[in-house]
Amino acid sequence: MKILKYLGILLSFILLYSCDKEEIAVFKGENYVQFSRSLADSLTCSFLGDPTAESVLFPISLDLVGKPSNKDRKIKLKVLDQFTTASKSHYEFPAEIIFGSDHTVDTIWLKVNNTPDLKNEAVKLVYSIESSGDLLRGEAQYSTGVLYFTNKIAKPIWWTGTVQSSYLGTYSDKKYQLFIDILGVVDLDPNNLNQVLEYSLKLKNYLLQEKEADRTVFEVNGVEMTVNVISS
Amino acid sequence: MNILYKITLGFCLASLLTSCYEDKGKYDIIDYNKINKISLKGSTPMNLGDMLEIKATIDWRYPDQDTLNFDYEWRINDVLISTERDLSYKIPDVGMSPVYLHVTERKTNITSRSYIQINVNTPYLSGWLLLAEKNGKSDLSYIRRDSYVDDEKVTHYEYNFFPSIYEELNSGLSLGQKPVKLVTNIFPTNEYDEILVLQKNNESVFIDGTYFLKGQDFKNEFSGGQIPGNLQPIDYRFHKSTAHVLLENGDIYWKKYQINSGVIHSGTFLSTPVLYDKGGVKIKKFIDNNYYDFSAVSFYDTKNNRWLNLYAGTSVDNWANFKMPLLFIAPKPADYVDLEGQSGYDHVYSTEHSKGSNFMHIFKNVTSGDYVMQDLTTINVVSAIMIFDIKQNVIPIKNFVNDESVYLKMKQKSYIFMSNGSKLYFYDLNTKLVKLYHDFGNGKIVDIVSDANGGEVGIATENGDFYICAVNDVILGKGNPGTEGGILYEKHDLGKLVDVEWKWGNWNNYIFGRYL
């Protein structure tokens, strides 16, 4: 009879096993804001494409972690002076930084001034999100950003991986300056392989033409400048 | 408590037994007129536009009973196309698909089903395409060879001519004006082909090879629909992973596809032409080569007298459009005509002619007027064209050709056809003799083209005549092949013929050289 009791209890549990109310979790926490790019991926604002421009508006992307709101929300930014080499004359943040209503991503447009000293040396601006009444500071790694201002050549972030190994070859300041001079652009989209191919071929053709005209282009160390793209 | 357990247990056991119920179904045997077998016989494979005729032969259990008490439904892709006992239906699309016949006994509603696989081909799969200028307009005609077998099992061929087929199948739409060239070896997928009609005035256009319907305007292959310098395209190659176009000034533009096949009209040509050293190149046309066998866009630069090749495989890779150097494994003959910058010779003709392993060039010695044939054994190793053997000799055609002659080296055969005005000659590489095939009377021969397997050549004359001529040892061995059965078909008054090409129909026909 005892066996029967245990069996009865066991069967009751089995029958009740499927009866379970499953809660679908919804976001109930606070709303956070952070930069789209991590601290490890610094930004560079370059005047190389237009060295005579007085200033440019440089975009800094933001992501919302939380729910979009039906009203604009204020963001607080703080410049970390101890890590910053840029002066106030180099940049101007908007008077009020807003994360737009119904947005999940937004952009801060930072005004960067092309001051004469940028020709000699790049300066660095380090900034960080601070929690405000509307939005809290997000992940630490994504809540601080580094932006270099320069009118001096510097390796762009896309000159790496396939762009370097299969197309443009090893980076040098001289090659990048030539790239800018020949193509009239400062950037390329590393995911657009047709664009990468086209830009690489134009640089390759220029080097070929110069060599043909006995004006072979050399790197500063005396080695002939080449690109890696195999196509013609 | 004991009672509570018993009740709970009883309840649980009862719950577990809920699937046991009394079956009240009927199992009386229905004595219906069972269909033992349905046999379908039809007119498949068939051409698009033909009527599909399928006759149903049905074997009933009680054949003496009234077999009219049945409903018939014919379906393709679950779409009802007929309720007749036998099917007569015009299939709207090419391809393979099953046709189902559902036979339902009205009294019992019992249905039997059978199917037949049908294969609908384009009626214009392969054949001769003729591009002419007629009445001030471009005119595209098509010739198809049909066959039948007589009672004595002898195969007979007949040629069917489809005049102005583009206008005919595009509701009178004009093809354009000022025709330049046809390109037919374009296979976006393995199943079908496209045709490119190159014309002046920016009117070059792709045509669907299945039904000759208008496709993309060629100018849209360039960014903004603008061909650089508004120049005319004079030749084109599609190699599945790349496309190349030759413009009238000799510039070659190309585009690289990011995925293989089926994407022919995606992306645009790069804005930069292929750049060559030595002051660039001068090119009249791309050299004929089967790109499955010899993965390169090949051409002769008459500015610097050199043979050049751009790698163009059939799948996407980083070597696309690589300028392939010539790598000589074989020793060069003493009187070798330098393929990387010869002097003293005019380039006459080049072709790949043996599944990618042989390349032939013919040069004319400017001083002596002799014609030199160079036959190379080659392998395309992507990073280079390796040359394993070079045979070079003077061929005795000097007295049979002129500077306006056109040539055709038959693939995998030992004959080179050549023209001189209205006369068609052939040179036999084995006997080393030149022989007249036929004098077509009037009209300069402007094109000599082989069919898919080298059994026939098409001859086009400037004054609008077209001939299909047999190429086999029996015919070529006759005194005058043209008048002794060599001319299989002729058509006249076609306008000013500018180009003839073989329409392959699909990729497999192209790579296997099949005449289907």
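The values are calculated or read from the model by the stated rules, or taken from the named source; none is laboratory data. In this text the structure is predicted, and so the values were computed from the model without any measurement. Ideal geometry is used to build each Cβ from the backbone, glycine not excepted, and the neighbour counts take in all protein chains shown.
Evaluated against (1) small (Gly, Ala, Ser); (2) surrounded by 14 or more Cβ atoms within 10 Å (Cβ to Cβ); (3) not in a strand (DSSP E or B), A:GLY145 falls short on exactly one condition, (3). Of all residues in region B:304-328, those satisfying the criterion of being away from chain A (no Cβ under 14 Å) and modelled with pLDDT under 95 are B:THR314, B:SER315. Remark: B:GLN216 matches the filter, which requires a residue to be more than 26 Å from B:GLY280 (Cα to Cα), touching a residue at least 24 places away in the same chain (Cβ under 8 Å) and part of a strand (DSSP E or B).
For A:ASN228, indicate whether it is surrounded by 14 or more Cβ atoms within 10 Å (Cβ to Cβ) and at pLDDT below 95. When the stated conditions are applied, A:ASN228 does not pass them.
Conditions (1) at pLDDT 90 or above; (2) on the phi < 0 side of the Ramachandran plot; (3) surrounded by 14 or more Cβ atoms within 10 Å (Cβ to Cβ); (4) not small (Gly, Ala, Ser), marked per residue:
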| position | (1), (2), (3), (4) |
| --- | --- |
| B:ASP66 | no, yes, no, yes |
| B:GLU73 | yes, yes, yes, yes |
| B:HIS102 | yes, yes, yes, yes |
| B:ASN109 | no, no, no, yes |
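Restricting the first member to region B:20-38 and to residues that are modelled with pLDDT of 80 or more, and the second to residues that are surrounded by 10 or more Cβ atoms within 10 Å (Cβ to Cβ) and assigned to a loop (DSSP other than H, G, I, E, B), the beta-carbon pairs closer than 6 Å and six or more apart or on different chains are B:TYR32/B:THR108; B:TYR32/B:ILE110; B:ASN33/B:ARG61; B:ASN33/B:TYR62; B:ASN33/B:GLN65; B:LYS34/B:ARG61.
Scanning region A:200-232 for residues that are among the acidic types (Asp, Glu) and touching a helix residue (DSSP H, G or I) at 6+ places or on another chain (Cβ under 9 Å) turns up A:GLU219, A:GLU224.
Please indicate, with yes or no, whether at least one residue in region B:192-200 is surrounded by 21 or more Cβ atoms within 10 Å (Cβ to Cβ), part of a loop (DSSP other than H, G, I, E, B) and either within 14 Å of chain A (Cβ to nearest Cβ) or not small (Gly, Ala, Ser) (or both). Within region B:192-200, one or more residues are surrounded by 21 or more Cβ atoms within 10 Å (Cβ to Cβ), part of a loop (DSSP other than H, G, I, E, B) and either within 14 Å of chain A (Cβ to nearest Cβ) or not small (Gly, Ala, Ser) (or both).
Restricting attention to region B:428-485, the residues that are assigned to a helix (DSSP H, G or I) and surrounded by 20 or more Cβ atoms within 10 Å (Cβ to Cβ) total 1.
Taken across region B:353-361, residues that are modelled with pLDDT of 95 or more, small (Gly, Ala, Ser) and closer than 27 Å to A:SER231 by Cα do not occur at all. Given the condition part of a loop (DSSP other than H, G, I, E, B), of a type in the set (Lys, Arg) and touching a strand residue (DSSP E or B) at 6+ places or on another chain (Cβ under 9 Å), answer yes or no: does some residue in region A:113-128 qualify? No, region A:113-128 has no match at all. Number of residues in region A:189-225 that are part of a helix (DSSP H, G or I), more than 9 Å from chain B (Cβ to nearest Cβ) and surrounded by fewer than 16 Cβ atoms within 10 Å (Cβ to Cβ): the value is 2. Every listed requirement among (1) in contact (Cβ under 8 Å) with a residue 12 or more places away in the chain; (2) surrounded by 15 or more Cβ atoms within 10 Å (Cβ to Cβ) is met by B:SER82 save one, (1).
Every condition in (1) in contact with a helix residue (DSSP H, G or I) (Cβ under 9 Å, 6 or more places away or on another chain); (2) in contact (Cβ under 8 Å) with a residue 40 or more places away in the chain is met by A:ASP117 except one, and the failing one is (2). If you take the residues of region B:252-272 that are within 14 Å of chain A (Cβ to nearest Cβ) and touching a Gly at 6+ places or on another chain (Cβ under 9 Å), which of them is surrounded by the fewest Cβ atoms within 10 Å (Cβ to Cβ)? Checking each candidate, the answer is B:GLN258.
Restricting attention to region B:352-372, the residues that are of a type outside the set (Gly, Ala, Ser) and over 18 Å from B:PHE388 (Cβ atoms) add up to 9. Residues in region B:499-516 that are modelled with pLDDT under 95 and among the β-branched types (Val, Ile, Thr): B:ILE511 only.
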